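Here the structure comes first, spelled out in structure tokens, and everything after it is commentary.
The values are calculated or read from the model by the stated rules, or taken from the named source; none is laboratory data. Note that this is a predicted model, so its numbers are computed, not measured. Cβ sites come from the backbone with ideal geometry, for glycine too, and all protein chains shown count toward neighbours. Heavy atoms of the whole protein, side chains included, go into the accessibility calculation; ligands, DNA and RNA do not. Shrake-Rupley method; radii C 1.70, N 1.55, O 1.52, S 1.80 Å.
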Amino acid sequence: MTEDTNADLLGHGLYSTNDTVHGLFTASAQSISEVDQTITEIQESALTDDVWTIGSQDGVEVPVTTGTATRGFLVEWGVDTGENIIDSLVAHGFVPRRTYQMTSGREQWSVITTMDRHEAQEQLSDVSSETDADIDIQRVTSNGRQPSGPCQLDVLSPRQREVFEYACQQGYYDWPRKVSATDLAGDLGITKATVTEHLRKAESRLFTPFR
């Protein structure tokens, strides 16, 4: 759906029973109409059994993700659809870490394993064969080191990452600052409030230790 619509999805968990899988997601786009269009298309998909949106009126906290318009929702689908890569990852010794992101038709996962690099690559090759998945390894860290660079930025939404990286490149985090939030807003074609909100969320995610 993220390949065919303007929204991104952030997955917060998958829960399987004997017959069904439930997934908790947040859809994010530049307008609520784009968010709702994506959720409607998910509802109408032949792979989907049912969809429930999550609102504040339900007493449920919707996880924060990208930018301007977001909506949380729960999806149910059958275990026999073959669309869930998580079971294969776990079966081959990988433990998913935190949330996972879906952007432009691709899923982005961060996983932990005790295997060495060579064995992990072999196991991922098996996962790829079993699930017919096109797997691209973006970064590997080892020896208990905290992820940094591109891997660490994977916790950000695409828009948060774009604004944060541009701010870094332009010297927003230098001392003294080389540009202001107003300057960044003008360059990016968005409001100063939007810039500061993206940077606030990015900083919160990047500088909060994993628990």
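Here is a check on your reading of the model: is Q121 at pLDDT 85 or above and open to solvent by 60 Å² or more (accessible area, probe 1.4 Å)?
Here the answer is yes, as Q121 does meet what is asked.
Among V62, V75, which is touching a Ser or Thr at 6+ places or on another chain (Cβ under 7 Å) and at pLDDT below 85?
V62
Select, from V127, V95, the only residue that is at pLDDT below 85 and among the aliphatic types (A, V, I, L, M).
Step by step, each of V127, V95 is checked, and only V95 is at pLDDT below 85 and among the aliphatic types (A, V, I, L, M).
Six or more apart or on different chains, Cβ atoms under 6 Å: show the pairs whose first residue is in region 100-121 and touching a residue at least 12 places away in the same chain (Cβ under 8 Å) and whose second is of a type in the set (A, V, I, L, M, F, W, C) and open to solvent by 40 Å² or more (accessible area, probe 1.4 Å).
Y100/W109; I112/V95; R117/V140
Could you check how many residues of region 136-164 are open to solvent by 60 Å² or more (accessible area, probe 1.4 Å) and at pLDDT 80 or above?
So the answer is 4.
Please enumerate the residues belonging to region 119-142 that are in a loop (DSSP other than H, G, I, E, B) and of a type in the set (A, V, I, L, M, F, W, C).
Passing the criteria: A133, I135, I137, V140.
Can you tell me how many residues within region 124-135 are in contact (Cβ under 8 Å) with a residue 24 or more places away in the chain and open to solvent by 80 Å² or more (accessible area, probe 1.4 Å)?
Number satisfying all stated conditions: 1.
Taking the residues in region 99-118 that are outside any helix (DSSP H, G or I) and surrounded by fewer than 13 Cβ atoms within 10 Å (Cβ to Cβ) as candidates, determine which candidate is modelled with the lowest pLDDT.
Initially, region 99-118 is screened for residues outside any helix (DSSP H, G or I), giving 99-116.
Subsequent filtering for residues that are surrounded by fewer than 13 Cβ atoms within 10 Å (Cβ to Cβ) retains 104-106, 112, 114, 116.
On the way: S104: 82, G105: 84, R106: 86, I112: 84, T114: 82, D116: 78.
Selected residue: D116.
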